[in-house]
Amino acid sequence: MVDKPLIQYAVEEALEAGIEDIILVTGRNKQVMEDHFDHAYELEKILVDKGKTDALTAAISMLQEEGRIAYVRQMRPLGLGHAIWCARKFIGDEPFAVALPDDLIIGKDGCLKQMIEAYNQVGGNIVASMEVAPEDTSKYGIISPGENGGNLTEVCGLVEKPEIDVAPSREAVVGRYILQPEVMRELESREVGAGGEIQLTDAMAKLIGHQPFHGLKFDGERFDCGSKHGWLMANFMLASKDIELAKKMERFFNRSK
Ligand code: G1P
């Protein structure tokens, strides 16, 4: 994404929110993630030799304190719920946050920071939410909303990827969650849901009524970088914040006028 990989944005968002320990759930052939957060000695040496100090500083600034990031391997692609469950031993009996890096959220304050502020008021479980177009309910976990207080909505139910005719609302869950450890017990059952996958949505739904559960309409813009369109828009958005890149983009778009 312009000059940093998506995973870097997710880690920086977590750090901004005050999260100190990070677990990356990765899969086969994703060693590049571990390498990203490690020294690249050959590259660093070349940059030193060529006197490219800006590039060197940029590369090194992405590294994190040693021991801060742990890696867990999801051995089979059984669904988001299963991926989260793979980290259970490291999470233990504490509340935790989840960020899906494909969902890039750009705002003044990071989405996780906003969620933790809300969590300090209401506790329990919180999902980031936004309204989606009717034709898009089948791409998201959808909230059955209860009482509404400012930007927090009580979650009375959750359905994974319903068609609009059966969707309880158009309020969708986007990829940021603060969850209580009890969700791991629900995931333990390995119940298969929508799309034949172990869904986080189904496990979260079982907590409703037992623990506080809210949706937070966050402040910021969300880009689905798992789609070509979302990825492109996110790059434009990030580039437009850089004066030099913004000028070049403007020239490019105006070239045929
Ligand atoms: C996942 C979740 C879904 C959520 C979405 C947000 O779906 O299963 O509930 O709304 O992320 O991006 P996926 O995009 O992995 O299909």
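The values are calculated or read from the model by the stated rules, or taken from the named source; none is laboratory data. For clarity, every value in this text was computed on a predicted model and none was experimentally measured. As a convention, Cβ positions derive from the backbone with ideal geometry for all residues, glycine included, and neighbour counts pool all protein chains shown.
Are any residues in region 119-135 without any contact (Cβ under 8 Å) to a residue 40 or more places away in the chain and within 10 Å of the ligand (Cβ to nearest atom), and if so, which ones? Steps first, answer last, please.
First, pick out the residues of region 119-135 that are without any contact (Cβ under 8 Å) to a residue 40 or more places away in the chain: 120-121, 133-135.
Passing the criteria: none in range.
Would you pick out the residues in region 121-166 that are over 14 Å from Tyr177 (Cα atoms) and small (Gly, Ala, Ser)?
Hits for region 121-166 are Ala133, Ser138, Ser144, Gly146, Gly149, Gly150, Gly157.
If I go through region 176-192 residue by residue, how many of them are free of Cβ contacts under 8 Å to residues at least 24 places away in the same chain and touching a Leu at 6+ places or on another chain (Cβ under 8 Å)?
The number of residues fulfilling the criteria is 1.
What is the residue count in region 153-163 for residues that are free of Cβ contacts under 8 Å to residues at least 60 places away in the same chain, in contact with an Asp or Glu (Cβ under 7 Å, 6 or more places away or on another chain) and either farther than 18 Å from Ser138 by Cβ or part of a loop (DSSP other than H, G, I, E, B) (or both)?
The number of residues fulfilling the criteria is 0.
Scan region 164-174 and tell me whether some residue there is touching an Asp or Glu at 6+ places or on another chain (Cβ under 7 Å), charged (D, E, K, R) and at pLDDT 95 or above.
So far as region 164-174 goes, yes, one or more of its residues are touching an Asp or Glu at 6+ places or on another chain (Cβ under 7 Å), charged (D, E, K, R) and at pLDDT 95 or above.
Do you know which of the residues in region 168-194 that are touching a strand residue (DSSP E or B) at 6+ places or on another chain (Cβ under 8 Å) and assigned to a helix (DSSP H, G or I) is nearest to Phe223 (Cα to Cα)?
Ala194
Just the residues that are away from the ligand (no atom under 13 Å from the Cβ) and in contact with a Gly (Cβ under 8 Å, 6 or more places away or on another chain), please, taken from region 153-186.
Thr153, Glu154, Cys156, Pro168, Gln180, Pro181
For the structure I just gave you, tell me whether Ile178 is modelled with pLDDT of 95 or more, among the β-branched types (Val, Ile, Thr), touching a helix residue (DSSP H, G or I) at 6+ places or on another chain (Cβ under 6 Å) and surrounded by fewer than 21 Cβ atoms within 10 Å (Cβ to Cβ).
Here the answer is no, as Ile178 does not meet what is asked.
Are there any pairs, at least 6 apart or on different chains, whose C-beta atoms fall under 8 Å, with the first in region 193-213 and modelled with pLDDT of 95 or more and the second among the charged types (D, E, K, R) and near the ligand (Cβ under 10 Å from one of its atoms), and if so, which?
Listed by first residue and then by second, the contacts come to Gln199/Glu160; Thr201/Glu160; Asp202/Glu160.
Take the residues in region 195-206 that are of a type in the set (A, V, I, L, M, F, W, C) and touching a strand residue (DSSP E or B) at 6+ places or on another chain (Cβ under 6 Å), then tell me which one is nearest to the ligand (Cβ to nearest atom).
Among them, the one singled out is Met204.
Given the conditions (1) within 24 Å of Val122 (Cβ to Cβ); (2) in contact with a Lys or Arg (Cβ under 6 Å, 6 or more places away or on another chain), report the number of the one that Leu200 does not fulfil.
(2)
Report, by residue number, each residue of region 136-152 that is in a strand (DSSP E or B), of a type outside the set (Val, Ile, Thr) and within 16 Å of the ligand (Cβ to nearest atom). Steps first, answer last, please.
As a first pass, look at region 136-152 and keep what is in a strand (DSSP E or B): 141-149, 152.
The next check asks that each one be of a type outside the set (Val, Ile, Thr); those that pass are 141, 144-149, 152.
Scanning region 136-152 gives Gly141, Ser144, Pro145.
Scan region 246-255 and tell me whether some residue there is modelled with pLDDT of 95 or more, among the acidic types (Asp, Glu) and part of a helix (DSSP H, G or I).
The answer is no, given that none of the residues of region 246-255 is modelled with pLDDT of 95 or more, among the acidic types (Asp, Glu) and part of a helix (DSSP H, G or I).
With the structure loaded, tell me whether Met1 is assigned to a helix (DSSP H, G or I) and either in contact (Cβ under 8 Å) with a residue 12 or more places away in the chain or in contact with a Leu (Cβ under 8 Å, 6 or more places away or on another chain) (or both) or whether it fails that test. Lay out the reasoning, then the answer.
Numbers: assigned to a helix (DSSP H, G or I): no; either in contact (Cβ under 8 Å) with a residue 12 or more places away in the chain or in contact with a Leu (Cβ under 8 Å, 6 or more places away or on another chain) (or both): yes.
Criteria not met by Met1.
Filter region 201-230 down to residues that are crowded, with 17+ Cβ neighbours inside 10 Å and assigned to a helix (DSSP H, G or I), then give me how many there are.
Of the residues in that region, 5 qualify.
Quick one: would you say Leu238 is of a type outside the set (S, T, N, Q) and within 14 Å of the ligand (Cβ to nearest atom)?
no
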